[in-house]
Each structure stands twice: as C-alpha cells, then as structure tokens.
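Okay, so here's the structure we're looking at.
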C-alpha cells in the first residue's frame, strides 16, 4: 500500500483534472473488477463481487483530486497569474515549485522581494493577486507556447520518507484513501461492493453527489485523510487528532454526523483486533460523506481516516503506521455487514 500511495502522490490531479490519477487506478484495478464505469463527471466506479451478496449496497469512496492552482492570466513579461483550486493557505505557497498542464511545465511561485517590502506589507499575508508563477520565459508570446489559460498546476511532487516512519508528499489527501481502495479491490471480499474514486471533492464534494446518485448505496464507507494540528503551542483540545495515534474514526465533522451504530461497530472492531485508533477532539473538516449521506433516501455512513499535518499544502506529512491498517479495518467491517 505504501508503494501505491507514493506512486499516486507523484501523479497530477487537481480538481477537475483528475485524468492522470484515474488512468493509473483503472490500469491497476481492471484485472480485479467485475464492472467499470467512468461517468460524465469523471468518477471511476468499480464494482467487485465478493463471496456473497449481503442484501445491502455497500459503497466505498475516496477522492482522486487534490488542491492546486489554475492559470487565469499571462503578463506581458511572461509571468503567470493564477487562482487556487480548493482551500490553500497563501502563507505556505511562496517560493514553491509547481508543475503546470499535461506537459508538466516547471514554475516557481514568486512575490516581490523582501528588500522592496514596506513595513505594512511585512506584517501581512500577501494577497493572491500579489503572487505570480515564473516559468523562465521573457514574454507573453513565449509563455503562450507552453501554457494556456485554464491549465491546472499542482505542487512539487517529491516524496520523502523521513524520521521514524514519516512520509512527506503533496496530495496524501486523499491518495491514501485511493491506495486503500486499490488494496481492497485486489483482495478477496466477503461481500459484493462498489468503489467510487471521486472527482472534485476539494471544490465542494461534486463528484460524490453524482456517484451516490448512480450507485444508490445503503451503506457508505469513506476512506480519507484528515487534518491533524499536533503542533507546538497548540492546546491538546485543539489538536483535532495526532500523528502516531492511529486511524481517525470521527463521530462528526463540519459536514456530517456519522452513523452512531457504525461508529460503535468500527471502534469496537479496532479495539478487538489491536488496531490503534483515535477520534477527533474538535468538530473540523468535511468529506465526501456529506454528499453521499444525504443522497437518495439517506445513507448509513462512516469514515475511516488517516491523520496528517500540513494538509492542503505542498508538504503533507503522515505517519505510515497510522494508515497501513485502513484496508484491514475496512475488511473487518465488511465481515460484520455480511453476517
């Protein structure tokens, strides 16, 4: 699963531009799938038969997209103007490398040099329109040969294992869920399942709405990444969750109140089988669960998440031991749902 996650994090897949991620996943799961659909939104929906049909439609969901940038203008001197795709903190992007478009044109996010900053500017977070992307050309004409308006950009794709079992990469949210679902599809399942690799979660859970309408599930299991604030000077009550303390099983976030029954079932399964887990200490974040839970006549919904620092940034950080048991816990839940 770790090797799969690393590969997925290398791929470019800003919201609305998930083709590269979808193509890789499709190639991986095709030998194991009993049904494959790519819908008009770009969701990849895989059905796989298990040992039995448990009488309920079970849907796993993880989103393929990542936060990024979209090119909105080209200056006369060849610098690119952009806006963000999804929620990105302006403080963390200055000086970062990006790759733009299908040809992966290299660029660097720049800003006025410190030597030219006045006292008021020094104290403030730069506005988005004060930032630009430098792609190393001299004119608009040269830039247009490489870039078109509407091209998407993603952050530098370098992946690093460091410290005692930590992983740094962009897009761990939610390639970790995608990696877990690939692992499940490649496994023998106790019951029939459908897997939705969704698009455009970062801009409003748009793909999940369409996937849920197509599948019309009875039970949904969302595999995700979630924000951890276990950082210096953050009080314990505001850390939400922490790296090194296992999978995160939330009872509520800003978009969903999760099924109490499934929450109790999953946490008991984790305890019984020696799987380390934690829950959130603050109501924060949101996932595709909010769209899926409210679809059709309502869906019994639970999430199993991996905690990560610096989410929605060029340098997400996760601990490998926190997410390796995600597929295992999901399979244990399937066995209960099959009984």
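The values are calculated or read from the model by the stated rules, or taken from the named source; none is laboratory data. Predicted, not measured: the structure shown is a model, and the values here were computed from it. Here the Cβ is made from the backbone with ideal geometry for all residues, glycine too, and neighbour counts use every protein chain on show.
Return a yes/no flag: does segment 306-328 have any residue that is within 19 Å of residue 211 (Cβ to Cβ), part of a strand (DSSP E or B), in contact with a helix residue (DSSP H, G or I) (Cβ under 8 Å, 6 or more places away or on another chain) and touching a residue at least 12 places away in the same chain (Cβ under 8 Å). The answer is no; no qualifying residue exists. Residue-level check: of (1) out of contact with any helix residue (DSSP H, G or I) (no Cβ under 8 Å at 6 or more places or on another chain); (2) at pLDDT 95 or above; (3) exposed (fewer than 14 other Cβ atoms within 10 Å of the Cβ), residue 119 misses just (2).
Working only within segment 9-27, note down all residues that are buried (at least 19 other Cβ atoms within 10 Å of the Cβ) and closer than 17 Å to residue 42 by Cα.
11, 12, 13, 14, 15, 16, 17, 18, 21, 22, 24, 25
Checking the structure you have, find out if any residue of segment 62-69 is exposed (fewer than 14 other Cβ atoms within 10 Å of the Cβ) and closer than 21 Å to residue 305 by Cβ. Within segment 62-69, none of the residues are exposed (fewer than 14 other Cβ atoms within 10 Å of the Cβ) and closer than 21 Å to residue 305 by Cβ. Among the criteria (1) surrounded by 15 or more Cβ atoms within 10 Å (Cβ to Cβ); (2) touching a strand residue (DSSP E or B) at 6+ places or on another chain (Cβ under 7 Å); (3) over 17 Å from residue 313 (Cα atoms), the one residue 150 does not fulfil is (1). Regarding residue 37, is this residue assigned to a strand (DSSP E or B) and either in contact (Cβ under 8 Å) with a residue 40 or more places away in the chain or surrounded by 20 or more Cβ atoms within 10 Å (Cβ to Cβ) (or both)? Judged against the criteria, residue 37 is a match.
When residues in segment 210-241 are screened for being surrounded by fewer than 20 Cβ atoms within 10 Å (Cβ to Cβ) and touching a residue at least 60 places away in the same chain (Cβ under 8 Å), 7 of them pass.
Checking each residue in segment 294-305 for being surrounded by fewer than 20 Cβ atoms within 10 Å (Cβ to Cβ) and in contact (Cβ under 8 Å) with a residue 40 or more places away in the chain picks out 296, 300.
Quick one: is residue 292 within 27 Å of residue 163 (Cα to Cα) and either modelled with pLDDT of 95 or more or outside any loop (DSSP other than H, G, I, E, B) (or both)? When the stated conditions are applied, residue 292 does not pass them. On the stretch given as segment 188-225, residues that are in contact with a helix residue (DSSP H, G or I) (Cβ under 8 Å, 6 or more places away or on another chain) and either on the phi > 0 side of the Ramachandran plot or not in a helix (DSSP H, G or I) (or both) total 20.
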